[in-house]
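*Asks:* Here it is, the structure in full.
The values are calculated or read from the model by the stated rules, or taken from the named source; none is laboratory data. All figures in this text were calculated on a predicted structure; none of them were measured in a lab. No Cβ is skipped: glycine too gets one built from the backbone with ideal geometry, and neighbour counts run over all protein chains shown. What goes into the accessible areas is simple: the full protein's heavy atoms, side chains included, and nothing from ligands, DNA or RNA. Shrake-Rupley method; radii C 1.70, N 1.55, O 1.52, S 1.80 Å.
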Amino acid sequence: MRYLDKLFVGFCLLFIALGCGNSEDVEKKDTNAVTKQTPTVQKTPEVSKPKLKKDVDVIQMANKSASFFDEAFGEPAKVTPIKDNPRLMPGEYREYKIEGHPKGLSVRFYRDQAKRFNLLLGKPEKSSKEALERIFKIDIGGMRRIKSDSLSETWEGKSKGINFKTAYAKRNKAGGDFVMLHAEIR
């Protein structure tokens, strides 16, 4: 073999011998080298998940802005501007996800104030009064009953300082359990 060929073969053997060391040691060396060279990266704060609540305190939410609801429940699942009813304009419907109620809460806003609330219940309720009080926080004790039939029970009047045009619970069938709550502010 010529001198250059021998030198080339020797260089290749040396290179192979150096490269065949313990791979763990190589990984540790490489990791340490990278760690030393990489600047410390600050973790970004986790983005908060939408806030889900099981109960909807209509008394506290009456006449509040859409931004108040976004803060309380997270971004709405759907926003629908009201375009075809001049009496309700400017306004919009917003739907929010609510824990335990898979269909969510629908809120109608008029001039950026919450005026109407609809909630399809995740679990049917036996008593309209208890459902309105426990879930919507509306005390119907001082309100006037304006309707009671096989499908719904409806009240109007003041509860805890809020004047309600209607507060009602609706059944899925005559004589059945209550599956929906509704409240509308005057």
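*Asks:* Only one of these conditions is not met by Phe73: (1) without any contact (Cβ under 8 Å) to a residue 24 or more places away in the chain; (2) open to solvent by less than 40 Å² (accessible area, probe 1.4 Å). Which number is it?
*Replies:* With (1) without any contact (Cβ under 8 Å) to a residue 24 or more places away in the chain; (2) open to solvent by less than 40 Å² (accessible area, probe 1.4 Å) applied to Phe73, the lone miss is (1).
*Asks:* Residues to consider are Leu88, Leu105; find the one that is closer than 19 Å to Lys137 by Cβ and surrounded by 15 or more Cβ atoms within 10 Å (Cβ to Cβ).
*Replies:* Details: Leu88 fails: closer than 19 Å to Lys137 by Cβ.
Being closer than 19 Å to Lys137 by Cβ and surrounded by 15 or more Cβ atoms within 10 Å (Cβ to Cβ) holds for just one of Leu88, Leu105, which is Leu105.
*Asks:* Still on this structure, I have one more. Please go through the range 160-175 and pick out each residue that is at pLDDT below 95, more than 17 Å from Lys123 (Cα to Cα) and of a type in the set (S, T, N, Q).
*Replies:* none
*Asks:* Anything in the range 108-132 that is in contact with a helix residue (DSSP H, G or I) (Cβ under 8 Å, 6 or more places away or on another chain) and surrounded by fewer than 15 Cβ atoms within 10 Å (Cβ to Cβ)? List them, or say none. Break it down stepwise before answering.
*Replies:* Looking only at the range 108-132, we keep the residues that are in contact with a helix residue (DSSP H, G or I) (Cβ under 8 Å, 6 or more places away or on another chain), and these are 108-110, 112, 114, 117, 119, 121, 125, 129, 132.
Answer for the range 108-132, where residues must be in contact with a helix residue (DSSP H, G or I) (Cβ under 8 Å, 6 or more places away or on another chain) and surrounded by fewer than 15 Cβ atoms within 10 Å (Cβ to Cβ): just Asp112.
*Asks:* Let me ask something else about it. All but one of (1) under 18 Å from Asn63 (Cα atoms); (2) modelled with pLDDT of 95 or more; (3) of a type in the set (Gly, Ala, Ser) hold for Gly91; which doesn't?
*Replies:* With respect to (1) under 18 Å from Asn63 (Cα atoms); (2) modelled with pLDDT of 95 or more; (3) of a type in the set (Gly, Ala, Ser), Gly91 is out only on (2).
*Asks:* Separate question: Would you mind listing the strands (runs of 3 or more DSSP E) fully within the range 133-186 where at least 2 residues are of a type outside the set (A, V, I, L, M, F, W, C) and open to solvent by 60 Å² or more (accessible area, probe 1.4 Å)? Give the steps one after another, and end with the answer.
*Replies:* Numbers: elements: 144-148, 152-159, 162-171, 178-185.
By residue number, 144-148, 162-171.
*Asks:* So, one more: Restricting attention to the range 130-138, does a residue exist that is free of Cβ contacts under 8 Å to residues at least 12 places away in the same chain and of a type outside the set (Gly, Ala, Ser)? Walk me through how you get there before you give the answer.
*Replies:* Filtering the range 130-138 down to residues free of Cβ contacts under 8 Å to residues at least 12 places away in the same chain leaves 130, 133.
Keeping just the survivors that are of a type outside the set (Gly, Ala, Ser) gives 130, 133.
Scanning the range 130-138 turns up at least one residue that is free of Cβ contacts under 8 Å to residues at least 12 places away in the same chain and of a type outside the set (Gly, Ala, Ser).
*Asks:* A follow-up question, please. Determine which member of the set Lys129, Lys158, Lys123 is more than 25 Å from Phe68 (Cα to Cα) and more than 26 Å from the chain's Cα centre (by Cα).
*Replies:* Details: Lys158 fails: more than 25 Å from Phe68 (Cα to Cα); Lys123 fails: more than 26 Å from the chain's Cα centre (by Cα).
Residue meeting the stated conditions: Lys129.
*Asks:* Answer yes or no as to whether Lys123 is out of contact with any strand residue (DSSP E or B) (no Cβ under 8 Å at 6 or more places or on another chain) and either part of a loop (DSSP other than H, G, I, E, B) or polar (S, T, N, Q) (or both).
*Replies:* Working: out of contact with any strand residue (DSSP E or B) (no Cβ under 8 Å at 6 or more places or on another chain): yes; either part of a loop (DSSP other than H, G, I, E, B) or polar (S, T, N, Q) (or both): no.
Criteria not met by Lys123.
*Asks:* Let me ask something additional. Inside the range 92-120, can you point out the residues that are without any contact (Cβ under 8 Å) to a residue 24 or more places away in the chain and not in a loop (DSSP other than H, G, I, E, B)?
*Replies:* Tyr93, Glu95, Pro102, Lys103, Ser106, Tyr110 - these are the residues of the range 92-120 that are without any contact (Cβ under 8 Å) to a residue 24 or more places away in the chain and not in a loop (DSSP other than H, G, I, E, B).
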